[in-house]
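The values are calculated or read from the model by the stated rules, or taken from the named source; none is laboratory data. Worth saying up front: this structure is predicted, and the values here are computed from it rather than measured. Heads up, the Cβs are rebuilt from the backbone with ideal geometry, glycines too, and the neighbour counts pull from every protein chain shown. What goes into the accessible areas is simple: the full protein's heavy atoms, side chains included, and nothing from ligands, DNA or RNA. Shrake-Rupley method; radii C 1.70, N 1.55, O 1.52, S 1.80 Å.
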Amino acid sequence: MEVSLLALRHSGDVLFLLLGAVMVFAMHAGFAFLEVGSVREKNQVNAFVKILSDWSVSTVVYFLIGYPISYGINFFTSASGLLGQNQGYELVRFFFLLCFAACIPAIISGGIAERAKFWPQVCAGAIFAGISYPLFESLIWGQNSAGLQGFFKATLGAPFHDFAGSVVVHSIGGWLALPAIVVLGPRLGRYVRGRSQAIPISNIPFLALGSWILAVGWFGFNVMSAQSLEGVSGLVAVNSLMAMVGGVLFALIAGRNDPGFVHNGALAGLIAICAGSDLIHPIGAFLVGGIGSLIFVFGFKYEQEKLRIDDVLGVWPLHGVVGSWGGTAAGIFGSQALGGLGGVSFLAQLAGSLLAVVYALVTGFVVYRIIHRVSGFRLDEEKEFAGADLSIHQINAYPEENLK
Amino acid sequence: MEVSLLALRHSGDVLFLLLGAVMVFAMHAGFAFLEVGSVREKNQVNAFVKILSDWSVSTVVYFLIGYPISYGINFFTSASGLLGQNQGYELVRFFFLLCFAACIPAIISGGIAERAKFWPQVCAGAIFAGISYPLFESLIWGQNSAGLQGFFKATLGAPFHDFAGSVVVHSIGGWLALPAIVVLGPRLGRYVRGRSQAIPISNIPFLALGSWILAVGWFGFNVMSAQSLEGVSGLVAVNSLMAMVGGVLFALIAGRNDPGFVHNGALAGLIAICAGSDLIHPIGAFLVGGIGSLIFVFGFKYEQEKLRIDDVLGVWPLHGVVGSWGGTAAGIFGSQALGGLGGVSFLAQLAGSLLAVVYALVTGFVVYRIIHRVSGFRLDEEKEFAGADLSIHQINAYPEENLK
Amino acid sequence: MEVSLLALRHSGDVLFLLLGAVMVFAMHAGFAFLEVGSVREKNQVNAFVKILSDWSVSTVVYFLIGYPISYGINFFTSASGLLGQNQGYELVRFFFLLCFAACIPAIISGGIAERAKFWPQVCAGAIFAGISYPLFESLIWGQNSAGLQGFFKATLGAPFHDFAGSVVVHSIGGWLALPAIVVLGPRLGRYVRGRSQAIPISNIPFLALGSWILAVGWFGFNVMSAQSLEGVSGLVAVNSLMAMVGGVLFALIAGRNDPGFVHNGALAGLIAICAGSDLIHPIGAFLVGGIGSLIFVFGFKYEQEKLRIDDVLGVWPLHGVVGSWGGTAAGIFGSQALGGLGGVSFLAQLAGSLLAVVYALVTGFVVYRIIHRVSGFRLDEEKEFAGADLSIHQINAYPEENLK
């Protein structure tokens, strides 16, 4: 009977992590629809194909290179070996963590939309999901974490705590997008003679659909980050909820009922809470999400109008800056003084968050400058004007309508 | 090892209820798309923002006020206290039951679409989700249930049985919508010189998407109402299925292939079965759903054409009347004579269902009359004509297209 | 305590299979959107109503006739009997397997789109889901499997292995669609004076949504085919992932960035891996999916241009031929020599796959010829020209727009 309890436990762990993986896999449909709704009609098909291709390439490179880098485990053994161990738990863990790695190109995709070449963008995604993301992951969560985390603990009082990836996933993605967007330059007509000219988005229902899919899947992203059934925590679930809700309400006020801000505000809240969702009090989570949402609303406007960075979906403020806020906020609202479970150090949280910024900016500029040199990163002007759909995919999103 | 089995059981309960919560949370995207597809294009954005805002406000008020009212438990303690108890089971239970409470404004939203002011509508939703729904919930399921249920048992032979909320959730929502719709009055142009003029809906694919999302999430709504893994019941799942299918097929015939009736018929079936899904025989469930669907098809026509009530999505017949039918039907088809598990009283079911009608009508008229007096409930004529999207959100659903 | 462990195990099994059922039920929304996106606007409503009606009729006939044929178990007993057994496990198993049976009409629907009469098509689906699919199912998985599988084992070295239905579900569906499409003939204007004239599809975002929903649900289709929690296998999950990814990438190259091929390529990979997902190595799964995708891309072109078969969604190459490939591939890549778990016979796999082809073609031609004779299978020319939406459902997909 002891055997049986153990078997049930292993089965439970595999099911738990599988459900998380499926939910985060589904989030990639959310990335796709969020982008599809936010670009012009002539680039909708491209958004779909990019997200699905990036996902697929990420799977291959993370399977072959990334997961071995992060966790020192590879799958070049026979299937019997894999299956023999706890019903394939390690495989499901790969699947779950791949879903995180594949967020990197999906996040960047929204920033560089409507004017990037297809294959160079896929290649950059492959480098990030296969190499640079796993290297950082290995330092925080993976096989090399003893070193860096030990250093943090020794010098700043606690390891860097990032329960579900505010920093490791979202801020890395968002801060990698910034160099990509800068190297690429703004879309044709976005800034004319120094004046910002808003380019209208195409489809708010698709944007909202994307946001909903992401928000629903996020409960897998955060809760299943425990990686074992016995680690399941209602606190993580409710903190995710409260942060999302804080994000919506603060964006509703600050963004004056704007549907784009409201639906992205939900995501800002969720991004902000990932890091500390296991130790903040729900009311703290509400504030962490709400502040994250304000950072997004004002950061987006500042980025677009003052800095003149044509970040189509605002992924740098959303995933980048809000991700960094989330990492830092875990060190504030996670403290026992503010109702949290404690055990975190504000300085360690700040240091870890900043380290990710520097790491992403450096690797991002190196990779995108090389790509820019080697193959070119930007579509030709006529192709951009015609739209990525016709230029790259020889079809547009509504073929029947366009033949009328 | 005993400890370990207990830990596994608690983890299983938390996971079980969390999955239910996530599925019912996702249903709110379904409410949004169902409404978006059923209103005119000029009110689609408003539908999305309403549903998400109502959800967010409901979360806050149910967390602070509603859940304490219903179950006598509050979360104004430190996170360590919350986490210490069974891995946050109580928090997940709050999340799950919030999803039910938040259905109230989501249901009403579909009835008052296209002409209500934004903030007054949000306030009404907050009052219902935070106070009046929890008061009723506490009587049937919550901390005050001993009193009323004891009275039912003593006088009518059995407590009022509402397994998953045909009455507590759906009929309360639908019967609250009726006063809201009456206070608000019909949309401009809906009834001209006493004649009914149908206002065309905008988008059947979005309506269908909403219906599908609701139907899928409903299995979490019903099955996870057991609130513990060991209470999981295949009967509840299959009864939900059979009632939905009965709803579709009866609507297909009675509604003469109309896609709106077919997709709402599925929902009618699901609403009708909630109350008795744990004790009716699957063939009984098919009939309960089918009859619910007929009530909706003919009730909707009667409401719109004879009573001249401009209930845009037909939420009063759908959630209100069919919900009452579901509560009553549990007392008919739940009896052992009709293949059910028994233990229910027809009179108690009827009495509980009627009580909900009265409670909702009274609280609804009071709240909406006050709102009507204090702030006004209806958009100005020009704003209604221009559409809630431009009037309230300064954007419409397809910005690129509308700039062409 | 032994009792308690057993209870937890049963609960876990019911939850496990229920989650699978819900995920595969959701796939039917995917079938709907895939078809809606791939037909012309004038047939979108019809696609939605067909899928939901087929689902509902399938539920009834599989409950009353199909499941008893396949597994020798019926539900004409009282609810107490059903509930008494392991918390309704048998009922949930019915639900899960119904989701498979209902794929048959959903698959066919995509092939015969835009020109079939409504009720004759529903009737054919009922015959397949209620009788002919269950008969085949009973031979491979069900109560009569001892006979045929024993024969395979005795003569070809191993039983026919179809873990999650590449053959039993997909190839049966796809090869049944072929006679339906042939009996029906091509859409008006599809082939003019012997020349193929492409009919443009309407909506790539809906096609992509359908593909995403199907892909996400597929993890329930494959993983939950274990039918018990302790049978959960990370290998099945990751093989599904790898095959899907192989399908996407091979279609991306072979289909030259075409969004239709990329999104259907994901499905081709998933169809191909069902049979052997529990015993192939992940790298083998990548190839099985990739080859499946190539079969689809080139098979679709060959079917449409050379054979002049107007199979609107390409369901014959997709589900039919790729399904047969999947059954056969399990006998190749499942062998230990190629890193698989072994225990399969190539000849048995080939024989079982061919048997399904013959079975489906024969039953398909018989049923569709009879329907053609008895009631007619094809819409009148004017009705086809006007579109199935207006002809059958008296409404089109965007009523507001069409009234402008």
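Observations
- Subset of region C:212-231 (residues that are of a type in the set (S, T, N, Q) and open to solvent by less than 30 Å² (accessible area, probe 1.4 Å)): C:222, C:225
- Helices (runs of 4 or more DSSP H) contained entirely in region B:307-404, each with at least 1 residues that are modelled with pLDDT under 95 and closer than 29 Å to residue B:48 by Cβ: B:399-403
- All positions within region A:21-61 that are of a type in the set (Gly, Ala, Ser), more than 11 Å from chain C (Cβ to nearest Cβ) and under 30 Å from residue B:15 (Cβ atoms): none
- Tabulated pairs, region A:205-234, first more than 9 Å from chain B (Cβ to nearest Cβ) and more than 26 Å from residue B:398 (Cα to Cα), second among the polar types (S, T, N, Q) and in a helix (DSSP H, G or I), C-beta under 8 angstrom, 6+ apart or interchain: A:218/A:240; A:222/A:239; A:222/A:240
Here's the yes/no breakdown for (1) more than 30 Å from residue A:403 (Cβ to Cβ); (2) at pLDDT below 95; (3) more than 22 Å from the chain's Cα centre (by Cα):
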residue	(1), (2), (3)
C:151	yes, no, yes
C:155	yes, no, yes
C:164	yes, no, no
C:206	no, no, no
C:242	yes, no, no
C:258	no, no, yes
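- Checking each residue of region C:302-313 against the condition of being within 14 Å of chain A (Cβ to nearest Cβ) and surrounded by fewer than 24 Cβ atoms within 10 Å (Cβ to Cβ) gives no match.
- Region B:62-91, residues that are under 30 Å from residue A:209 (Cα atoms), surrounded by 22 or more Cβ atoms within 10 Å (Cβ to Cβ) and more than 8 Å from chain A (Cβ to nearest Cβ): B:62, B:66, B:67
- Residues of region B:337-354 that are open to solvent by 60 Å² or more (accessible area, probe 1.4 Å) and either in contact (Cβ under 8 Å) with a residue 60 or more places away in the chain or closer than 23 Å to residue B:187 by Cβ (or both): B:343, B:347.
- Filtered residues of region B:366-383 (kept if surrounded by 15 or more Cβ atoms within 10 Å (Cβ to Cβ) and touching a Leu at 6+ places or on another chain (Cβ under 9 Å)): B:367, B:368, B:372, B:377, B:378, B:383
- Test: residue in region B:192-200 that is β-branched (Val, Ile, Thr) and either open to solvent by 10 Å² or more (accessible area, probe 1.4 Å) or within 30 Å of residue C:12 (Cα to Cα) (or both): yes
- If you check B:118, B:160, B:100 for being at pLDDT 95 or above, buried (at least 18 other Cβ atoms within 10 Å of the Cβ) and over 22 Å from residue B:321 (Cα atoms), only one passes: B:118.
- Test: residue in region C:256-265 that is farther than 22 Å from residue C:44 by Cβ, open to solvent by 10 Å² or more (accessible area, probe 1.4 Å) and at the interface with chain A (Cβ under 8 Å from one of its Cβ atoms): yes
- Unique match (being touching a Phe, Trp or Tyr at 6+ places or on another chain (Cβ under 7 Å), open to solvent by 30 Å² or more (accessible area, probe 1.4 Å) and of a type outside the set (D, E, K, R)) among B:176, B:184, B:209, B:188: B:188
- Matching option when the condition is closer than 24 Å to residue A:124 by Cα and open to solvent by 10 Å² or more (accessible area, probe 1.4 Å), among A:21, A:26, A:32, A:47: A:26
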